[in-house]
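Asker: So that we are looking at the same thing, I have put the structure below in structure tokens.
Values quoted throughout were computed directly from the atomic coordinates according to the rules given, and no laboratory measurement underlies them. Only a predicted model underlies this, so the values are computations on that prediction, with no experimental measurement involved. For neighbour counting, all protein chains shown are included, and Cβ atoms are generated from backbone atoms with ideal geometry for every residue, glycine included.
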Amino acid sequence: MNPLVGIIMGSDSDLAVMEAASDVLKQFGVAHEVTVVSAHRSPLRMVEYAQKAKERGLKVIIAGAGGAAHLPGMVASITSLPVIGVPIKSSNSIDGWDSVLSILQMPNGVPVATVALNAAKNAGILAAEIIGSCDEAISQKIVNYKSSLNNEVVEKVQKLKKDGWENGFD
């Protein structure tokens with residue numbers, strides 16, 4: 001099956017974070033690819049990737065980057081596909097805020113959906129939701145996933161009640 005989501009990162013050292021996006025896309029049955037595309041060390045590769053993404057069948061790009069974190073915004077400036085940015089706390093990062101702000105503060109006209117620091121799992125879920133807007137099978141998997149989150153909360157409330165803690169809201 002051809003990939004629908006491209007997961008890219010500035011360095012293979014980002015894979016430990018970005019793997020969570022791949023894991024959740026596998027869980028939802030969304031075909032995807034994973035590769036390294038650096039805005040600073042391989043700008044021509046980045047441009048080619050962004051220019052050819054749509055014609056190769058991609059529907060969404062998840063781009064993770066740390067430090068100056070230019071990759072998501074630069075890719076978004078080249079492609080018409082939605083780009084989800086994952087700020088990564090890297091070794092040269094200032095507590096990750098530089099990455100968050102670099103991705104979050106895009107100028108008008110070049111939007112990048114931005115998830116929380118190191119939140120590649122949320123990027124994967126958001127990409128699956130985007131794919132699910134046109135694919136009922138994927139959409140149903142998202143519905144089931146969110147239902148399971150609710151069930152986990154209900155189970156925790158029941159445990160609190162059993163342990164004598166929960167005695168208020170019902």
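Asker: Could you give every pair whose Cβ atoms fall below 8 Å, whose first residue belongs to the range 60-82 and is touching a residue at least 60 places away in the same chain (Cβ under 8 Å), and whose second residue is part of a strand (DSSP E or B) and hydroxyl-bearing (Ser, Thr, Tyr), counting only separations of at least 6 or pairs across chains?
Answerer: Sorted first by the residue in the range 60-82, then by its partner, the list stays empty.
Asker: A further question on this structure: Would you check if Asn150 is on the phi < 0 side of the Ramachandran plot and either within 17 Å of the chain's Cα centre (by Cα) or touching a residue at least 24 places away in the same chain (Cβ under 8 Å) (or both)?
Answerer: Numbers: on the phi < 0 side of the Ramachandran plot: yes; either within 17 Å of the chain's Cα centre (by Cα) or touching a residue at least 24 places away in the same chain (Cβ under 8 Å) (or both): no.
Considered against the rule, which asks whether it is on the phi < 0 side of the Ramachandran plot and either within 17 Å of the chain's Cα centre (by Cα) or touching a residue at least 24 places away in the same chain (Cβ under 8 Å) (or both), Asn150 comes out as no.
Asker: For a quick check of your reading of the model, give me the residue pairs whose first member lies in the range 26-46 and is free of Cβ contacts under 8 Å to residues at least 12 places away in the same chain and within 16 Å of Ala76 (Cα to Cα), whose second is small (Gly, Ala, Ser) and surrounded by 15 or more Cβ atoms within 10 Å (Cβ to Cβ), with beta-carbon atoms closer than 8 Å and at least 6 apart or on different chains.
Answerer: Arg45/Ser38
Asker: Tell me which of these Ala127 doesn't satisfy, since it passes every other one: (1) over 18 Å from Ala39 (Cα atoms); (2) more than 13 Å from the chain's Cα centre (by Cα).
Answerer: (2)
Asker: With under 25 Å from Val36 (Cα atoms), touching a Ser or Thr at 6+ places or on another chain (Cβ under 6 Å) and not aliphatic (A, V, I, L, M) as the only criterion, which of Pro87, Pro111, Pro72 stands out? Steps first, please.
Answerer: Working: Pro111 fails: touching a Ser or Thr at 6+ places or on another chain (Cβ under 6 Å); Pro72 fails: touching a Ser or Thr at 6+ places or on another chain (Cβ under 6 Å).
Of Pro87, Pro111, Pro72, the one residue that is under 25 Å from Val36 (Cα atoms), touching a Ser or Thr at 6+ places or on another chain (Cβ under 6 Å) and not aliphatic (A, V, I, L, M) is Pro87.
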